[in-house]
Amino acid sequence: MAERAHLTSLEALESFQTALVLYLEKARRAVDEISDEVKRTRTWVESDRHVHWKNEAKRRARVLEMKQQELFSARIGHLAEAPHGYQQAVRQARRALDEANEKLDQVRRWSREFDNRVEPLARHVDKLRHTLTVDMGKAVASLRQTLETLHQYAGVRASPGAASPADAGPASAA
């Protein structure tokens, strides 16, 4: 075992501590942004898209009814060429309504499956948050304490009236 510690650069440890604290702050912000994005996406799927396609399906159903009514009126009026154009408009309105209903069904599936697909990944994010906050917080505190101890040790060694390592005995060996 060496008789004394060889301290060459406390500045390097201090620089590492500063870099670690900055990294942890950035990483925590990134993890928080991920969590916020998951919440926004859930709200978007469950509220915004659901309401949008539900309203769109209702609107398109009204358009289909109107086009069917126009076709019926054209048939009653015995317009020779009119029914073909009206039939085309009814088919187009029906396709639009079917599309809206498909989108609404898709949003409902997304809403049901969201937690099953996202929750396992969100747990990993929570574990990372715990590591960054608790575990790495302890590491920073330990590093800070180590730096304080090393500064005290370096201060004792550097003070002008201090005993030499040989005079201090085994207590100064590190």
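Values computed for the structure shown
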quantity	calculated
Only Lys, Arg (+1) and Asp, Glu (-1) charged, at Cβ; the stretch 1-146 dipole about Cα centre in debye	620
Stretch gain in nm, segment D48-L147, where the contour uses 0.36 nm per residue and the Cα spacing is subtracted	30.4 nm
Spatially near lysine pairs across the stretch 1-118, Cα under 22 Å, sequence gap of 8 or more or different chains	8
Signed unit charges on C-beta, dipole axis of the stretch 10-156, positive-most listed residue A57, Q87, V45	Q87
³J(HN,Hα), Karplus 6.51/-1.76/1.60, whole Hz, each residue of the stretch 120-127, x for Gly, Pro	x, 6, 5, 4, 5, 5, 5, 5
Nitroxide proxy distance, nm - points 7 Å out along Cα→Cβ at A122 and R108	2.3
Y153, Y86 arranged by Cβ crowding within 10 Å, fewest neighbours leading	Y153, Y86
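Bear in mind these aren't lab numbers, they're just calculated from the coordinates by the rules spelled out. Bear in mind that the values here come from a model prediction, so they are computed numbers and not experimental data. Counting neighbours? That spans all protein chains shown, and the Cβs are built from the backbone with ideal geometry, glycine included.
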